[in-house]
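The values are calculated or read from the model by the stated rules, or taken from the named source; none is laboratory data. As the structure is a prediction and not an experimental result, all values here were calculated from the model. Positions of Cβ are generated from backbone atoms using ideal geometry, with glycine treated the same way; all protein chains shown enter the neighbour counts. Surface areas here come from the heavy atoms of the whole protein model, side chains and all, with no ligands, DNA or RNA. Shrake-Rupley method; radii C 1.70, N 1.55, O 1.52, S 1.80 Å.
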Amino acid sequence: MNSVTEDYSKHLAEVKKYVRSYFNDITNNKLLYHNLVHTMSVAEAAEQMSAHYKLNERDNFIVKTAAWFHDIGYFTVVEHHEQKGADIAEKFLSDKGIIEEIILGVKECILATRMPQQPKNLMEQIICDADLFHLGTDDFAVRNKLLHKEVEAINGIEIKKKVWRAQTIKLLEEHHYFTDYCNDLLGEKKKENLLRLQSKQEHEVKDEDGDTKITTVKKNHYNKELGEKENEKQEELNAKDAPASRGIQTMFRITSGNNQRLSDMADNKAHIMITVNSIILSIILGVLLRKLDPTNSLVYPSILFITVSLITIIFSVLATRPSIPDGVFTETDITEKKANLLFFGNFYKMSLPVYTAGMYSVMEDRNFLYETLIHDVHAQGVVLGRKYKMLRISYNIFMWGLIASVIAYVIAIMFFTPIAIQTTMMNAEIKNPTEYHLTHPERVSLPDALSEASGIAFYKGNSDTVYTEEDESSKLFHFQMGDKNEIISKFGKKGDYEDLAICNEYVILLRSDGVFVTFPFNQSRNAVVDTANEWKKMLPDGEYESISANETTNQLFVLTKHSKDGSNDKCKGYIFKISEEGIIVADGKFFVDVKEIEAKSDDKKIDFRPSGLALNPCTNEWYIISSVNKLLVVTDSDWKVKEVYPLKPSIFRQPEGIAFDNDCNLYISNEKSDGTKASIMKFSYD
């Protein structure tokens, strides 16, 4: 057998869960006393005594487990239920890998509760006293009545009150608590309970025939013949009312069951709406919107769809959000028959004895009972009405909102797609730079471990090895051109890394929020880089995707993709220098005039969003690529725009990185898009 782990609390939680499920799944309406309420009260008393005697974890587990299992055998057999409970406990604990020594201790504690009780050690004394703990509490009268009714129900006989009272008095006279704790805590109350029963018994006298008479205090005598006639008459009335009573019970049972099923259906429908719209929101917010330019016409249908999903979720949550009352009822509520004790919200703060007394008041008054049932069914209907009203609003919003969103997407695609993109997609003639043919790339596949290349760079212009980073990860990849084997270096925490450069023996990575991450180039072959530094507040607030290096001057050049100052006429750039020690300092500013780009392109209004830049070593020109605008912009060394080249979307699906090698060959990386794999395209220098 496997040895038990030291986590007794975990095993005890499993015991509680199992026993509760057992009582809930296997019901017996005759067990009015030996039910889950009794088991929980015994477990609570055992826990109380275990804490008092400061039992170690092992003994504490044995006592509490025995308390939970001690009466579970009642569902199978009454006479020898202790042995059955011990067997059930043994099987459960064995399946959980509990050692034999602990299982034996649990079984002995359960068997010790057999009447007459004869415990052999402190643990068995605790469980025996916990089982009869109620004898010395205020709950004794209520628990004793429940046990009386249970015995009658199980045996199918009627036990007169005086007979039951005599047996109970005998039990209390013969019983004694085994622990000092219970004797000190419960002894006096137990005597009071005994004296109260003996007092009632003393008010009864026996006549010569043994029939019970009422004492002379009341000075009234029952007429035997009249009593028999009244009993016969009452039996006839009960026989007539029986079919109607059964019909009423069936009506309430079916109605309540139907309401519960309708409530479950409403909850399931709300759950479906919440789940579906949560997925839609995750997709739109996490994938679609971050890929859309603010000027893109698809943004507005996306915002409409987000609004629809959000409102749908709100009404679905309102449909299932519970409303909890105070949880308290008063004696006046019971007297005036205003309390609905069938709904937990009206009694969850009340003690068990008070609630039990209230329920007896309901059960003893037929009209009160039916009024309570009617009240409960009506309350269920009110809740159902509110749920289904909210659900209908939620489904209507989702249905009409979905239709409106689809129509909005269709209109945006058909009528508001940028003219420049339509023209580019339809026009086969693409303008090319003099030195490069942009329509005839040589494609280089990436290693399988690399799903995309946000930026690319070469070490000192040597194109044999490509250096790149993967968006959303903190990993530097480098591999031989065309080789499927790669070396990966983890350099820091995850982030939206967009581009990189290599300069003055340092690797510089650019995050989209304008933060630089640097580390020595000689660590790029390490699995983990341990000297990476972050450079914050070097750039103004904005969005950045492009960085390039001039290794001759050890300068870094960064272009703004989106500036938070709202300036659209000029694309701002920033120059930095990196020292031999890897220190980055500001070294100037520059800008690219968007008006010049508009003047040299077919689109007269451009929201220019650069995604990469590189310096051509042969022409000393800057090549700036824009994935959003599908443009390649060429400027001179002073950033004056010389030419603008539209990029064919079928080739440049999502161009992000750009670099030149020593032979002036142009390299552009394509991120994965629309099911196509990421790749690097080489354009040879003519």
Return the pairs, sorted by first residue and then second, in which the second residue is assigned to a helix (DSSP H, G or I) and of a type in the set (A, V, I, L, M, F, W, C), the first residue lies in region 161-184 and is over 30 Å from residue 54 (Cβ atoms) and open to solvent by 100 Å² or more (accessible area, probe 1.4 Å), the beta carbons are less than 9 Å apart, and the residues are 6+ apart or on different chains.
173/194
Screening 279, 324, 313, 306 for residues that are surrounded by fewer than 16 Cβ atoms within 10 Å (Cβ to Cβ), out of contact with any Asp or Glu (no Cβ under 6 Å at 6 or more places or on another chain) and modelled with pLDDT of 80 or more leaves only 279
Scanning for something open to solvent by 80 Å² or more (accessible area, probe 1.4 Å), modelled with pLDDT under 80, closer than 21 Å to residue 141 by Cβ and out of contact with any strand residue (DSSP E or B) (no Cβ under 6 Å at 6 or more places or on another chain), does region 333-344 turn up at least one residue?
yes
Tell me which residues, restricted to region 435-482, are β-branched (Val, Ile, Thr) and either buried (at least 19 other Cβ atoms within 10 Å of the Cβ) or modelled with pLDDT of 85 or more (or both).
439, 456, 465, 466, 468
Criterion violated by residue 514 - all others in (1) in contact with a Phe, Trp or Tyr (Cβ under 7 Å, 6 or more places away or on another chain); (2) open to solvent by 50 Å² or more (accessible area, probe 1.4 Å); (3) outside any strand (DSSP E or B) satisfied:
(2)
Go through (1) under 25 Å from residue 171 (Cβ atoms); (2) buried (at least 22 other Cβ atoms within 10 Å of the Cβ) and name the single condition residue 111 misses.
(2)
Looking only at residues that are open to solvent by 20 Å² or more (accessible area, probe 1.4 Å) and among the hydroxyl-bearing types (Ser, Thr, Tyr) in region 635-657, which one is nearest to residue 433 (Cα to Cα)?
645
Determine whether region 200-221 contains at least one residue that is at pLDDT below 50 and in a helix (DSSP H, G or I).
no
Does residue 294 satisfy the condition of being over 30 Å from residue 376 (Cα atoms) and at pLDDT 80 or above?
no
Return only the number of the condition from (1) β-branched (Val, Ile, Thr); (2) buried (at least 23 other Cβ atoms within 10 Å of the Cβ); (3) farther than 23 Å from residue 48 by Cα that residue 127 does not satisfy.
(3)
Can you report the number of residues in region 391-434 which are modelled with pLDDT under 90, farther than 23 Å from residue 652 by Cα and open to solvent by 40 Å² or more (accessible area, probe 1.4 Å)?
4
Working only within region 539-593, note down all residues that are more than 13 Å from residue 508 (Cβ to Cβ) and of a type in the set (S, T, N, Q).
552, 553, 560, 563, 567, 568
Hand me the list of helices (runs of 4 or more DSSP H) wholly inside region 36-137 holding 2 or more residues that are out of contact with any Phe, Trp or Tyr (no Cβ under 7 Å at 6 or more places or on another chain) and farther than 17 Å from residue 11 by Cα.
36-52, 81-95, 100-111, 122-131
Looking at the structure I just gave you, is residue 686 touching a Gly at 6+ places or on another chain (Cβ under 7 Å) and acidic (Asp, Glu)?
no
Residue tally, condition out of contact with any strand residue (DSSP E or B) (no Cβ under 8 Å at 6 or more places or on another chain) and more than 16 Å from residue 594 (Cβ to Cβ), over region 619-637
2
Of residues in region 95-126 being within 20 Å of residue 57 (Cβ to Cβ) and of a type in the set (Gly, Ala, Ser), the one modelled with the highest pLDDT:
105
Would a scan of region 491-498 turn up a residue that is touching a strand residue (DSSP E or B) at 6+ places or on another chain (Cβ under 6 Å), surrounded by 16 or more Cβ atoms within 10 Å (Cβ to Cβ) and not in a loop (DSSP other than H, G, I, E, B)?
yes
Can you tell me which residue in region 16-26 is nearest to residue 70 (Cα to Cα), limited to those that are in contact with a Leu (Cβ under 8 Å, 6 or more places away or on another chain) and either in contact (Cβ under 8 Å) with a residue 60 or more places away in the chain or loosely packed, with under 15 Cβ neighbours inside 10 Å (or both)?
20
Filter pass, residue 507 being more than 26 Å from residue 444 (Cα to Cα), open to solvent by less than 10 Å² (accessible area, probe 1.4 Å) and assigned to a strand (DSSP E or B):
no
Which residue is farthest from residue 131 (Cα to Cα), if the candidates are limited to region 27-70 and must be open to solvent by 40 Å² or more (accessible area, probe 1.4 Å) and acidic (Asp, Glu)?
57
State all residues of region 586-630 that are of a type in the set (A, V, I, L, M, F, W, C) and at pLDDT below 85; if no residue qualifies, say none.
606
Run down 7, 71 and say which single residue is more than 15 Å from residue 124 (Cβ to Cβ) and out of contact with any Ser or Thr (no Cβ under 9 Å at 6 or more places or on another chain).
7
